[in-house]
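See structure below.
The values are calculated or read from the model by the stated rules, or taken from the named source; none is laboratory data. Small disclaimer: the values here were computed from a predicted structure and weren't measured. Using ideal geometry, Cβ is built from the backbone for each residue, glycine included, and neighbour counts are taken over all protein chains shown. SASA here: full protein model, heavy atoms, side chains in, ligands and nucleic acids out. Shrake-Rupley method; radii C 1.70, N 1.55, O 1.52, S 1.80 Å.
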Amino acid sequence: MKSSESGITFGFGTAAILFVLLAGLGGNLKGKADASAAIEAGDHPESPTDAVEAEDAGKTPSGSQDSRRLEKIRGKLLEIWKSPTTGLFDLEARAETSQLLSRMSSAEIDAFLRSLPPGSDRMGGTSDMVRCVLFSWALRDGPAALAYLGNCDSARSSLVRMTTTQVVMSWADYAPDAALAWMSDGTLTPVQQERVANIRLNSLMVMLHSDPDRAFTELSSMPGNEISDQLRLWGQTNGKSPEIRERLLDYAAGTGNPEDLAAVRTSIAGSMAEEDPEKAREFVESLQASGRELAALDATVTVEAARKDPESTYTEWTQKNSNVTEIPAEIQFGISAWLGRSSMRDHDDRGAIKWLDALPAGGQRDALYESSIPALVGFRHFDDAARMVETIDSPSLRASALNSLQTRWLMEDPQKAAAWKNGLPAEDQALLRK
Amino acid sequence: MKLLLLTLVAGLLAAWICYRVSYQSGVATAQPGGRISSHGRERASREIPVAADKIEQLRGFLNRPFNERGSAEVWAVVSSMSVAQIRESVHMILQNKATDSAENMVNCLFFRWAQIDPMEALAAADSQRKDGGSENFSGALLSAFNGWFKRDPEAAFRWAQTDSGSNERFYISQMGGYLSTLPPTEAAEKMKTYGAAVIKAAFSYRARANFTSQEDRTAFFTSVANSGMNAADSQTVLKSFARNWGFYDPAAALAGLDGIPLNDDQKSQARQWIMAGWADKNPIEALAWVAKENPPHAIADQIAIYNKWLSTAPKEAVAALDELCRDAPGFREEVMKSQLQSYYDEGWVPYGRNISSDKFLFSRLKNHYDDWATTAPADAERWVGTLEPALQQKLHAPQ
């Protein structure tokens, strides 16, 4: 009897253990299968943002629940961005922030930002959190986000000004009607009012890509001077696109301001030359421009082409313009930029100075030397500037160069400037203003 | 009977526990938060069969404008992708134009890829950098680095030290930022294994902490002194510290500098940075404070604040100029001198000076001259007579 009882007990015990093991195995397999399905469906119930949602879902929040919910969201947001190494490049942090914000009302986002300690908009991770929040918030409630920006403690700081422009640009790309209406709204703060032209300009630039028809329509409602600025900028940034190029030229021809057309043609030529100087030259030829406009177009294309190959491009320009004794501003600044590049620490090849030194004597060289003095001094090539001034034959250009060098050198290094001045021949000293 | 019930309960409990454990670990392996070993391979990165719908979803996002909401939607898709899906998605997007949306997607994909398999992601991003040129989808490598750095900063930084690209400063800054978040003793210990640049970055980050007591500030500068940093690096750290303190409470910062272990030169430098920060934040308040000080501050301090104001609110600054000149003799001459200096000297950096910046600098000088010529024409004429003839002509001509 005892043995049969113990046999039953043993049999039951074994079955019980087997049952428990099988139940465990079943649970394990089911868990794995469900996890796979959840992953496949992109469903992550354990993510930080969902933890907040899961607890709050389906509840009508009471006052205290509401404040608990907000406190949780606030805690999550600060947790996500607590490290100074979390920046806008952290796409995961940005997405989580966006999700958390979708559970807050506009007023709650406003209160959240205002509750941050002073300086949060400029400190490590939290400064990027503030920007991320503003970008998201503006898509939902642009006026509220911009009212916050316009009234925040550092509304004037360059960081806030830049953020304001970027936020409006993103908003205008997403909801152009609302963003454009805000720009004409009387609720802008004085600081925003001052900058609204610039903000509009940047927003329409974005719109030019997403909705060119709308961008051109909006352009027509802008003040005349802003239209001119915008046309020039659009030419610079979109001149490479054949469709936009044609529209810009047509539009500029119809504004009634002849300078608009000239500015658009020049900016398009420059934009095309950045990529393909030959195509830009063909474009310039097709315009059949003459006189000053042709000179300006030629100078613009030259400067852009010179970014890749300054030496041969400027040599070609000087050969083509050997009679020119007044150097166009574009060429002056183009050579200055070359001087700057060849003065960089890791690129100190003195290429521009060698090229200037090798120019044949004459009126054109005098003019190029005189117009290069500010840049030579600006890049601290005092001795080269002094050497070039001594070779200028034209008395008026020589006097101008001497004065220009003296003024600048005195500001930078009075002792060396005085030594240089004292060493000048009497006739040069006489050319210096008293 | 009891035994039967017990067995049933035990079975249910075992099933539930095993279900939770296997579900959690299954989700965690594919979660953005899944842990990654320092060797760069996620233990349980599983190849989920490619779900075409996710890749199609991304394709559908390609032509949308890029914004925060869209980016979050992209991440929601990407964050649950397997490596195979990521690879296929990257391939699909790279066939398209490099729009902002497409670049964001590629960045999201590489960020996520590196969270699952950093070495493979970095190798793919590196080959994309070499094959795709520098202009298109250039953020892939940094995104992969960032994805990994977020999970395992030290391993990611070890890899970064082998990268021959141009991101060195970014890597150093990230590592410095990470070290600054560690407890000071642990950070000090780890710093020993890194170079001077990382140490400087770490202290610069810590310098921006909101110190609440003089003891904390003193302890901070003691640790700076003990760090073995060279003078130039210490100067950079001091600048971060001074500008930050000056932002929060400039008046207290100016008064509190004396209690910190700094030499006289450092204190004088710190004062200038605090003033610069104050001028950036609230130039009117800063000017009023400087004017009230006894003995009065050097006029150069007031000019520096005025110039800062001019850069953020030119109309307001010029409008306030007459009053400022009344209160401080010699202020006008010094303002003109600084405007002249900036007209001659500003922007001479590569790509800095051009036709429009030249026009801008001249118009600022001319506005000041015109304002002076209206309020005190004789003084303005005397001043303009001291300039080079070409500039005199330009200033006299209408703008």
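The magnitude of the dipole of chain B, with charges of +1 and -1 set on the Cβ of Lys/Arg and Asp/Glu and taken from the Cα centre, is near 1380 debye. Measuring nothing but how far apart in sequence close Cα pairs (under 8 Å, 6+ apart) lie, relative to its length, chain B scores a relative contact order of 8 percent. Of B:Gly176, B:Met81, B:Ser223, which is farthest along the charge dipole of chain B in the positive direction, counting Lys and Arg as +1 and Asp and Glu as -1 at C-beta? About the Cα centre, the residue reaching furthest to the positive side is B:Met81. Assuming a ≥ b ≥ c are the square roots of the Cα gyration tensor eigenvalues, decide whether the range B:268-399 counts as rounded (a/c under 1.5), prolate (otherwise, with a/b larger than b/c) or oblate. Here the range B:268-399 falls in the oblate category.
Contact order, relative form, for the range B:193-279: 34 percent (alpha carbon pairs under 8 Å, 6 or more residues apart, mean separation divided by residue count). When accessible surface is computed with a 1.4 Å probe, chains A and B are found to bury approximately 6300 Å² between them, both chains counted. Using just its DSSP H runs of length 4 or more, each adding -39500 (n - 2.57), chain B gives a mean residue ellipticity at 222 nm of -23500 deg cm²/dmol after division by all residues. Put simply, when B:158-167, A:161-170 are sorted by average Cβ atoms within 10 angstrom per residue, most first, you get A:161-170, B:158-167. Heavy atoms of the protein chains alone define the surface here; on that basis the range A:187-340 has 48 Å² accessible area per residue at 1.4 Å probe size.
Shape class of the range B:167-276 from the Cα gyration tensor (axes a ≥ b ≥ c, square roots of the eigenvalues): prolate, since a/c reaches 1.5 or more and a/b is larger than b/c. When you filter the trypsin sites (Lys or Arg not before Pro) in the range B:232-299 for DSSP loop state and at most 16 other Cβ atoms inside 10 Å of their Cβ, nothing is left. For the listed peptides A:363-369, B:377-383, a ranking on the average number of other beta carbons within 10 Å per residue, highest first, reads A:363-369, B:377-383. Heavy-atom accessible surface of the range B:325-399, averaged per residue, reaches 52 Å², computed with a 1.4 Å probe. From most to least packed by mean Cβ count within 10 Å, the peptides A:387-395, B:145-153 give B:145-153, A:387-395. Put a plus charge on the Cβ of each Lys and Arg, a minus charge on the Cβ of each Asp and Glu, and nothing anywhere else: the dipole of the range B:52-105 about its Cα centre is then about 80 debye.
With only the Cα atoms considered, the range A:372-422 has a convex hull volume of 63 Å³ per residue. Largest GNM mean-square fluctuation among B:Ala242, B:Ala156, B:Ala298, using chain B with Cα springs under 10 Å: B:Ala298.
When chain B is treated as a Gaussian network with alpha carbon springs shorter than 10 Å, the biggest mean-square fluctuation among B:Phe221, B:Phe61, B:Phe157 belongs to B:Phe61. Loop-only check: which trypsin sites (Lys or Arg not before Pro) in the range A:268-300 are DSSP coil with at most 11 other Cβ within 10 angstrom? Within the range A:268-300, no trypsin sites (Lys or Arg not before Pro) qualify (loop, at most 11 other Cβ atoms within 10 Å).
For the range A:61-133, the list of trypsin sites (Lys or Arg not before Pro) that fall in a loop by DSSP and count at most 14 other C-beta atoms within 10 angstrom reads A:Lys82. Between A:Thr126, A:Ala138, A:Ser157, the Cα set farthest toward the positive side of the dipole of the range A:79-208 (charges on each charged residue's Cβ, about the Cα centre) is that of A:Ser157. Computed in the context of the full set of protein chains, the accessible area of the range B:183-316 at 1.4 Å probe radius has 53% of its extent on carbon or sulfur.
Note on B:347-357: average number of Cβ atoms from other chains within 10 Å of each residue's Cβ is 6. Structural size metrics of chain B, computed from C-alpha coordinates, are Rg and Dmax of 30.0, 114 Å. Pairs of Cα atoms nearer than 8 Å and 6+ residues apart set the relative contact order; for the range A:216-338 it is 19 percent.
Summing Cβ point charges (Lys, Arg +1; Asp, Glu -1) relative to the Cα centre of the range A:242-399 gives a dipole of roughly 320 debye. Look at the stretch B:339-345: the mean tally of other chain Cβ atoms within 10 Å of its residues' Cβ atoms is 3.
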